[in-house]
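**Student:** Structure below; questions to follow.
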Amino acid sequence: MGFSVFNFDPRISAGIRALGYTSPTPIQAQSIAPILQGRDVMGLAQTGTGKTAAFALPILQRLLSGPRGVTRALVLAPTRELADQIQDAFRDLGRQTGLRSATVYGGVGAGPQISSLRNGVEIIVACPGRLLDHLQQGAFKPSRLEVLVLDEADRMFDMGFLPDIRRILKHLPAHRQTLLFSATMPDDIRKLAHEVLRQPITVQAGHTVPLATVTHALYPVVEHLKSALLTKLLEQTGGTSVLIFTRTKHRAKRLAQRLNEQNRDVTCLQGNLSQSQRKAALEGFREGRFNILVATDIASRGIDISQITHVINFDIPDTTEAYTHRIGRTGRAAKTGDAFTLVTQQDEAMVRDIERAMGVRLERRKIEGFDYSAKQPAGTPQGGQRGRQPGHGHGHGHHHPKKTAHAPQPSRPAHSSHAAGGPGHSTPAAKPASGFHGRFGRLRSRRRRR
């Protein structure tokens, strides 16, 4: 079955061909037709299965007829990175349609976003907080809105997002089409979702089973040997594009610096970075300038980098849903990948939950030649992360490791994109490189002053 069965406008079909799409994925095959019919849809599928195109294509088809210069479609997403990715999909698929899109999120100036909103773009992709600001200030007027999409709906309906979403919903027209897409949908969240859907059609594409393209394995280890085991694992995998998850921003910084000192091409993605730094980290990883990205769960939602060969959980995630999202970063678009998790005795309960949710027992592995009995050196904090205590580790300033981080590049202030690739699609010149070591050097300097 090809995309021709949906009878898309030739301009949209051209975008599909340009991206190399030949056959719809299961979630696309089940979702596109009811969305074209105007039905509310709740789509459940694992990440990497094409959820974005499942709603972007029928929305573009709908917007080809009707008024231009007014916002008719709104997509809400939990992270800036996902918002950028969704807008890229609308731009690429609709390049020949003339439909315009813009992103709206925090961390960048509000002025260019206000100009973009007032000038009228047909599609807005936004994070809830900044969009709510624009609503309250009168910059965003959704009176002509026809379609609302809540992407990564489980996260959107989680604790921090629900109040803002409820406030936004009060401003939207009651008569609209509403679509929810997510990799996971716990029962209590499902009930909440039905509050905003009208007689929805639910489509599922194996959202509770492990992706067949991903190999899973657990590596039992004591906490203080995690870093050493990770180093050994990286030597053995030979992965050309490795995404490593940690539990906290602090651990992500520390681990990235440790790997950097091993002369590895590594960058870091976590919430304390500016938007331009986050964007630069993702672009550098996607373009292959770095083969390791150390990140918190900010990178687990909807980031589409198809060449990732390995996902390594340095810290096991807190929920089975988070595990699904993390490992969904590899094995995308029918490619194969490996998902490895370092586990301690304290992680056994979560391991059982993950295995129960997946319906399989995960393989336990050991690395031959690794000394699992090594004692923790005196004064070394848990996890083998040097420098967590004042006066230890990286604060001396004598070592100058390989500089691996790329230059943080400024975000496009207006975040506006014309689908035909016209004005508004240019990118400002990059700032001079500050470097990976420079960012961490400032952190070390502050610690010494304390």
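**Student:** Are there any pairs with C-beta distances below 6 angstrom linking a residue in the stretch 12-27 that is under 25 Å from THR202 (Cα atoms) to a residue that is surrounded by fewer than 19 Cβ atoms within 10 Å (Cβ to Cβ), with the two at least 6 apart or on different chains, and if so which?
**Tutor:** Taking only residues 6 or more apart or on different chains, the pairs are SER23/GLY2.
**Student:** Of the residues LEU60, LEU99, LEU93, LEU64, which single one is surrounded by fewer than 24 Cβ atoms within 10 Å (Cβ to Cβ) and in the same structural domain as PRO186 (by TED's automatic domain parsing)?
**Tutor:** LEU64
**Student:** Assess whether VAL214 counts as being in contact with a Gly (Cβ under 7 Å, 6 or more places away or on another chain), closer than 23 Å to LEU44 by Cβ and at pLDDT 85 or above. Talk me through it step by step, then tell me what you get.
**Tutor:** Working: in contact with a Gly (Cβ under 7 Å, 6 or more places away or on another chain): yes; closer than 23 Å to LEU44 by Cβ: yes; at pLDDT 85 or above: no.
In short, no.
**Student:** Can you work out which of the residues in the stretch 116-157 that are under 16 Å from the mean Cα position of the chain (by Cα) and in a loop (DSSP other than H, G, I, E, B) is surrounded by the most Cβ atoms within 10 Å (Cβ to Cβ)?
**Tutor:** Here the answer is GLU152.
**Student:** Pick from the stretch 320-363 the residues that are modelled with pLDDT of 85 or more and under 17 Å from the mean Cα position of the chain (by Cα): which of them is farthest from ARG286 (Cα to Cα)?
**Tutor:** TYR323
**Student:** What are the residues in the stretch 230-278 that are more than 21 Å from GLY328 (Cβ to Cβ) and among the basic types (Lys, Arg), if any?
**Tutor:** Across the stretch 230-278, the qualifying residues are LYS232, LYS249, ARG251, LYS253, ARG254, ARG258, ARG264.
The values are calculated or read from the model by the stated rules, or taken from the named source; none is laboratory data. These numbers were taken from a predicted model, which means no experiment stands behind them. Counting neighbours? That spans all protein chains shown, and the Cβs are built from the backbone with ideal geometry, glycine included.
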